[in-house]
1. Looking at Ala148, Ala130, can you tell me which residue is at negative phi, within 8 Å of the ligand (Cβ to nearest atom) and free of Cβ contacts under 8 Å to residues at least 40 places away in the same chain?
2. What are the residues in segment 46-94 that are modelled with pLDDT of 90 or more and in contact with a Lys or Arg (Cβ under 6 Å, 6 or more places away or on another chain), if any?
3. Please go through segment 202-243 and give me each residue that is within 22 Å of Leu283 (Cα to Cα), part of a helix (DSSP H, G or I) and of a type outside the set (A, V, I, L, M), ordered by number.
4. In segment 154-165, what residues are buried (at least 18 other Cβ atoms within 10 Å of the Cβ) and within 8 Å of the ligand (Cβ to nearest atom)?
5. How about segment 181-195: which of its residues are in a helix (DSSP H, G or I) and either surrounded by fewer than 22 Cβ atoms within 10 Å (Cβ to Cβ) or within 11 Å of the ligand (Cβ to nearest atom) (or both)?
6. Filter segment 93-127 down to residues that are more than 16 Å from the ligand (Cβ to nearest atom), closer than 20 Å to Ser15 by Cα and either in contact (Cβ under 8 Å) with a residue 40 or more places away in the chain or touching a Pro at 6+ places or on another chain (Cβ under 6 Å) (or both), then give me how many there are.
7. With the requirement that a residue be of a type in the set (Phe, Trp, Tyr) and closer than 21 Å to Ala82 by Cα, what does segment 155-208 give you?
8. Tell me yes or no: at least one residue of segment 63-84 is farther than 24 Å from Ile3 by Cα, β-branched (Val, Ile, Thr) and either part of a loop (DSSP other than H, G, I, E, B) or more than 13 Å from the ligand (Cβ to nearest atom) (or both).
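The values are calculated or read from the model by the stated rules, or taken from the named source; none is laboratory data. Everything numeric here is computed off the predicted structure, so don't read it as measured data. Don't worry about glycine lacking a Cβ; one is built from the backbone with ideal geometry, like all the others, and counts go over all protein chains shown.
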Amino acid sequence: MRISEKLKKQKRVFSFEFYPPKKEEDIPFLKAAVAELKGLSPDFVSITQSPSSLSGLSFASLSNTLALSGVLKHEFSLEVMAHLTCITLKDRETLDEAVKLMRILGLENVLALRGDRAGGGLEKPFFSRAWELAAELNGRGIFDIAAACYPEKHPEAQSLEADIDNLKRKMDCGAAFAITQLFLDNISYFSFREKCLSRGVTIPLIPGIMPVTGVSQLANFAERIKVKIPAGLSAALEKLSPGGAEPGPDARAAIREFGVSYAAAQCLELLKNGAPGIHFYTLNRSKATAAVLNLVKRGLGII
Ligand code: FAD
């Protein structure tokens, strides 16, 4: 089913993001995560596509994503959205093959992205911007198309306004909804949503949330994707892990517990203030995400 149809029919949608395992040893973690999170009846799951997920570029990483998408759709009966990145598409023929494969697998939902260059990628891809890929896919009339958006601005964008205009372009080229980069301060989302509306972006913006499970994990993300860490969150983590010291088992458990309640409070505030759902960045693990979603559902009175 098209995700935009679900967004129209339902008050909210919950979804999980997984990535194709990079090593064979990682497969059991993914399987366990999918098995547990499937029990929470997600509205859809999404599968990332990264050039670094296999040493060969181009179609190799795409087929990895599509293979996992097929397994989750047909073996686990989950609604799947495959990520498709410009930086792995070298020519129109590669896109044609990808589209053919997606049709064979019965995939109806695609997240059209430029792709993260930090992971590698083609120097001269066929499309250089996500809106070009969205327009091309839209022209084929087969898929429900989503886009990425950035409440705290994409690091390469000249300004937040220019980035929102880029999102508007993706919407005009066929994106029916967008999923945000993760953020830790809800003010970023609420203010972004307002600015989007004032610049003509009318599609649903699904917040992307990741429960904090470790201090170094958070520091890495903050550095890589330039997410702001609110002062209250830093102070709380500093108390649990003074001076950023390597936490012992008790402190690690306390940080995880804190991270789960922080994310649950974030989600509840977002949903109570009109967010159309929550997309969880799971990192192929289930415990923290499941704990957050259970708290959220309880908070909403739906379990
Ligand atoms: P675009 O929308 O093309 O934007 C890229 C940059 O170019 C932005 O700064 C934009 O403002 C700017 N821009 C666009 N058009 C113009 C123009 N005409 N003039 C000037 N500037 C312009 N990466 C992966 O590799 N694989 C994944 O599976 C993946 N999944 C993601 C899922 C989500 C929900 C999100 C939020 C991100 C994901 N990413 C993924 C990361 C994403 O690919 C990177 O952030 C990438 O750098 C930008 O991708 P985009 O699709 O937003 O690009």
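1. Values: Ala130 fails: free of Cβ contacts under 8 Å to residues at least 40 places away in the same chain.
Exactly one residue qualifies, and that residue is Ala148.
2. Phe76, Val80, Cys86
3. Within segment 202-243, Ser216, Gln217, Asn220, Phe221, Glu223, Arg224, Ser234 meet the criteria.
4. Within segment 154-165, His154, Asp163 qualify.
5. If we filter segment 181-195 for residues that are in a helix (DSSP H, G or I), which is where we start, we get 186-195.
Within segment 181-195, Asn186, Ile187, Ser188, Phe190, Ser191, Arg193, Glu194, Lys195 meet the criteria.
6. 1
7. Kept after step one, since they are of a type in the set (Phe, Trp, Tyr), are these residues of segment 155-208: 177, 183, 189-190, 192.
Listed by number, the list holds a single entry, Phe177.
8. Residues of segment 63-84 farther than 24 Å from Ile3 by Cα: none.
For segment 63-84, residues farther than 24 Å from Ile3 by Cα, β-branched (Val, Ile, Thr) and either part of a loop (DSSP other than H, G, I, E, B) or more than 13 Å from the ligand (Cβ to nearest atom) (or both): absent.
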